[in-house]
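Peer 1: Pasting in a structure now, in structure tokens, and then I'll have a few things to ask.
The values are calculated or read from the model by the stated rules, or taken from the named source; none is laboratory data. Just so it is clear, the structure is predicted and the values come from calculations on it, not from any experiment. Counting neighbours? That spans all protein chains shown, and the Cβs are built from the backbone with ideal geometry, glycine included. To get the accessible areas, we keep the full protein, side chains included, count just its heavy atoms, and leave off ligands, DNA and RNA. Shrake-Rupley method; radii C 1.70, N 1.55, O 1.52, S 1.80 Å.
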Amino acid sequence: AFGCETDYEQAAKYNKIAADAGEPLGLNNLGFAYIQGKGVPVDHEEGINLIALAIEKGHTQNIGTLFNMLNYGTFDVTPNPQKGAEVFRHLDDKLNHSNLDCLGYLNFFIRMHPNLATDSTEMIRRYTLALKDMLPYQLRLSDTESALNELRHLLETNNHTTSKDFVEALEWIRAKSK
């Protein structure tokens, strides 16, 4: 950049120091270095793990990129829906169901590959937890409605009756939208 040569090995070295200290940006940058083989040998598994750890620690900007790698094979990563479901299931748990993008990507993997679900009600439980536990704190109403609609769809397609938690979430949304 700006006429200077990039020293990827030096960048990887410093990002490794930051990553070893648990710094989310260092984890993210080192993960991408491994994905692209810049300053370190290509190691997609290590790169994915580091990027996921960065997301877990709050650097969520690349959650969509991680999904694209695991689902579509961007950055020459071999698509792996099983790994994708595993990673996004772990992230959803670690983020306490507070990131609807993460939840949506997990839902995508499970919809496209139903055998990846832990059981037939996994996503119903996860959306219910998201709606019940984190909505009062940080979501825009449009996100709330989106999550609620997805939960409603899951309940209907799995022939479940409306749960008590779903009714509580719906009441909360109605109260907030007044």
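Peer 1: Name the one entry in L70, L30 that is crowded, with 20+ Cβ neighbours inside 10 Å and touching a Leu at 6+ places or on another chain (Cβ under 7 Å).
Peer 2: Being crowded, with 20+ Cβ neighbours inside 10 Å and touching a Leu at 6+ places or on another chain (Cβ under 7 Å) holds for just one of L70, L30, which is L30.
Peer 1: Further question on the same structure: Looking at A19, A1, A11, which is the one that is modelled with pLDDT of 95 or more and not β-branched (V, I, T)?
Peer 2: After ruling out the rest, the residue left standing is A19.
Peer 1: Within region 97-118, is there a residue that is within 16 Å of N49 (Cβ to Cβ) and among the basic types (K, R)?
Peer 2: No, the conditions are met nowhere in region 97-118.
Peer 1: Of all residues in region 54-67, which are open to solvent by 60 Å² or more (accessible area, probe 1.4 Å) and in contact with a helix residue (DSSP H, G or I) (Cβ under 7 Å, 6 or more places away or on another chain)?
Peer 2: K57
Peer 1: Quick one: in region 41-51, which of the residues that are open to solvent by 30 Å² or more (accessible area, probe 1.4 Å) and not acidic (D, E) is farthest from R89 (Cα to Cα)?
Peer 2: P41
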